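J.: The structure that follows is given in the form of structure tokens.
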Amino acid sequence: MSIKSRTKVREALVSGELEKEITVKGWVRTRRGNKNIAFIALNDGSTLNNIQVVADVPAFPEDLLRQVTTGACISVTGTLTPSMGSGQSVEIQAKSINLYGPADPATYPLQKKGHSLEFLREIAHLRPRTNTFGAILRLRHAMSYAIHKYFNDNGFYYLHTPIITGSDAEGAGEMFRVTTLDMMNPPRTEDGKINYREDFFGKETNLTVSGQLEGEIGALALSDVYTFGPTFRAENSNTPRHLAEFWMIEPEMAFYDIHDNMDLAEDFLKYLINYALEHCNEDLRFLNDMYDKELLSRLNSVINSDFVRITYTEAIDILSSSGVKFEFPTQWGADLQSEHERYLVEKHYKKPVIITGYPKTIKAFYMKQNDDGTTVRAMDVLFPRIGEIVGGSQREENLQALENRIEELGIPREELWWYLDTRRFGTAPHAGFGLGFERMMLFITGMSNIRDVIPFPRTPNNAEF
RNA sequence: UCCUCCUUAGCUCAGUUGGUUAGAGCACCUGACUGUUAAUCAGGGGGUCCUAGGUUCAAGUCCUAGAGGGGGAGCCA
């Protein structure tokens with residue numbers, strides 16, 4: 001279903017209905033020509049490609065064509081014909097042109113020539129009109145769709161976990177406070193602290209850092225669920241891999257153990273890459289040619305390889321005996337550093353690696369402990385270029401074991417009463433993981449900065465647009 | 001937050017050891033050209049050299065502080 005009066009550029013380029021009169025609408029990328037003929041490259045975002053509009057200059061008001069400049073928005077009605085030029089197969093011979101919105105070429109920031117990604121970040125309101133961001137945003141959409149399709153086709157239900165959370169026990173990072181209290185003059189308790197009893201929810205609330213705990217509630221009722229929503233971390237992280245607001249996919253499955261969990265993660269990641277290759281080939285080819293010459297070969301290599309599965313202990317052994325001088329020496333019990341992960345993925349195995357069996361001391365309280373009493377059934381999926389793209393685990397389903405761990409770590413148990421209830425009543429083995437959507441987008445697009453794979457990035461000191 | 005690099009025209013960048021009036025390509029404006037392909041050709045306009053101090057006869061260039069940005073690290077997805 002679409003409005004009949006307008007043909008999208010994507011359709012027009014493949015329609016094959018030559019000699020037919022159509023109307024296209026979009027934004028001018030370039031205009032070339034001379035006194036007699038003008039060539040207008042028009043793009044409406046439906047595809048990377050422009051459609052060439054050919055205008056017989058004397059047939060149009062001079063003032064109109066003068067305003068058809070890079071960035072202007074126009075509507076063109078004309079005949080779709082085979083192109084006499086060599087750069088495209090069809091073009092539109094314009095009969096009428098309507099100017100929706102001019103763009104003063106002296107001040108319009110986008111030029112037909114390329115811009116640096118850093119500059120485009122400063123004009124995030126206009127960068128969707130570039131080839132690069134058009135391609136990225138179409139890919140982002142396709143990946144979102146593929147995520148829902150994959151889970152739907154595999155019997156998962158989409159669970160909406162809360163954005164505002166009253167739980168501070170997720171332990172995944174610093175949180176953004178949500179409050180309606182007057183910050184200049186907040187209500188106080190008798191001992192001078194801020195009285196959150198008078199806040200909107202009657203308690204301290206924050207933006208979610210993970211939907212996992214609620215996801216587990218869903219899995220222990222619907223069997224297989226997933227969340228896909230915004231996630232917020234108030235960490236002061238200034239890197240090309242971190243955002244304060246990002247999107248995360250978190251499947252949670254009843255009756256899965258850690259191995260089922262790894263199988264799902266691997267299958268899921270390969271499905272998404274495959275979907276992009278099948279449905280977004282043109283955009284991927286563009287990104288491959290413009291930014292990352294190895295993008296397509298890397299994507300193909302990942303879908304055609306079996307992910308390596310090793311334990312944390314094996315990883316430490318490999319790193320220790322590698323003979324490589326790391327800045328941070330490897331030591332059992334310490335978390336793996338970026339340089340260690342990169343060595344394993346990019347040098348040693350040259351393919352994605354899943355590491356399991358981490359020491360419990362460096363992982364979250366809800367992870368299922370192994371019989372050795374020292375390691376947990378955690379899993380991190382490490383990708384070339386990205387590092388950790390997925391983090392997950394089998395969850396501790398035993399009430400006593402979970403309570404003991406909460407006690408050991410000094411986590412306020414009152415806030416988790418509902419979570420513990422899932423273990424108290426009809427508990428079941430289950431597992432799940434979190435996939436950072438923008439990290440996935442980094443891998444899919446070959447971009448190197450996470451701020452370029454989300455339309456409106458939020459990072460420390462930046463909430464413009 | 002730490003380390004490091006960068007900031008010169010609308011954009012991308014050059015600018016030598018500190019030395020006359022700060023340059024180029026693209027963009028923009030004017031003109032030429034009857035089918036262009038990031039069109040081409042000719043001409044023109046365009047500068048708070050990030051900001052504030054300092055050193056010096058002299059600072060785009062050296063020093064100090066600050067702001068903004070990139071990369072690396074940590075935290076993590």
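The values are calculated or read from the model by the stated rules, or taken from the named source; none is laboratory data. Owing to the predicted nature of the structure, the values given are computational and were not obtained by experimental measurement. Backbone-built Cβ (ideal geometry, glycine too); neighbour counts: all protein chains shown.
J.: Output the number of the condition that A:S83 fails; it satisfies all remaining conditions of (1) within 23 Å of A:F133 (Cβ to Cβ); (2) within 9 Å of RNA strand B (Cβ to nearest atom).
T.: All conditions pass for A:S83, except number (1).
J.: Moving on to the next point. Which of the residues belonging to region A:22-44 are more than 9 Å from RNA strand B (Cβ to nearest atom) and part of a loop (DSSP other than H, G, I, E, B)?
T.: Within region A:22-44, A:D44 is the sole residue that qualifies.
J.: Right, another one. Can you name the number of the only condition in (1) more than 18 Å from the chain's Cα centre (by Cα); (2) basic (K, R); (3) closer than 27 Å to A:A463 by Cβ that A:R138 fails?
T.: Of everything listed in (1) more than 18 Å from the chain's Cα centre (by Cα); (2) basic (K, R); (3) closer than 27 Å to A:A463 by Cβ, A:R138 misses just condition (1).
J.: Among the residues of region A:285-317, write down those that are out of contact with any helix residue (DSSP H, G or I) (no Cβ under 6 Å at 6 or more places or on another chain) and more than 30 Å from A:R377 (Cα to Cα).
T.: Answer for region A:285-317, where residues must be out of contact with any helix residue (DSSP H, G or I) (no Cβ under 6 Å at 6 or more places or on another chain) and more than 30 Å from A:R377 (Cα to Cα): A:R285, A:D289, A:M290, A:Y291, A:D292, A:K293, A:E294, A:S297.
J.: Something else: Taking the residues in region A:118-146 that are among the aromatic types (F, W, Y) and exposed (fewer than 15 other Cβ atoms within 10 Å of the Cβ) as candidates, determine which candidate is nearest to A:I444 (Cα to Cα).
T.: First pass over region A:118-146, keeping only residues among the aromatic types (F, W, Y): A:119, A:133, A:145.
When the remaining residues are screened for being exposed (fewer than 15 other Cβ atoms within 10 Å of the Cβ), the result is A:119, A:145.
Details: A:F119: 22, A:Y145: 14 Å.
My answer is A:Y145.
So that you can scan it fast, the table gives a plain yes or no per residue for (1) touching a helix residue (DSSP H, G or I) at 6+ places or on another chain (Cβ under 9 Å); (2) modelled with pLDDT of 95 or more; (3) in a loop (DSSP other than H, G, I, E, B); (4) over 19 Å from A:Q93 (Cβ atoms):
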site: A:K4; (1), (2), (3), (4): no, no, yes, yes
site: A:E17; (1), (2), (3), (4): no, no, yes, no
site: A:S46; (1), (2), (3), (4): yes, yes, yes, yes
site: A:N49; (1), (2), (3), (4): yes, no, yes, no
site: A:L64; (1), (2), (3), (4): no, no, no, no
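J.: A:E11 - would you say it is touching a residue at least 60 places away in the same chain (Cβ under 8 Å), more than 26 Å from A:Y108 (Cα to Cα), more than 11 Å from RNA strand B (Cβ to nearest atom) and among the acidic types (D, E)?
T.: no
J.: Report yes if A:V209 is hydrophobic (A, V, I, L, M, F, W, C) and outside any loop (DSSP other than H, G, I, E, B), otherwise no.
T.: no
The rows are residues; the columns are (1) of a type in the set (A, V, I, L, M, F, W, C); (2) under 30 Å from A:F156 (Cα atoms); (3) not in a helix (DSSP H, G or I).
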position: A:V324; (1), (2), (3): yes, no, yes
position: A:R342; (1), (2), (3): no, no, no
position: A:T356; (1), (2), (3): no, yes, yes
position: A:R377; (1), (2), (3): no, yes, yes
position: A:I389; (1), (2), (3): yes, yes, yes
position: A:S393; (1), (2), (3): no, yes, yes
position: A:E414; (1), (2), (3): no, no, no
position: A:L420; (1), (2), (3): yes, yes, no
position: A:A431; (1), (2), (3): yes, yes, yes
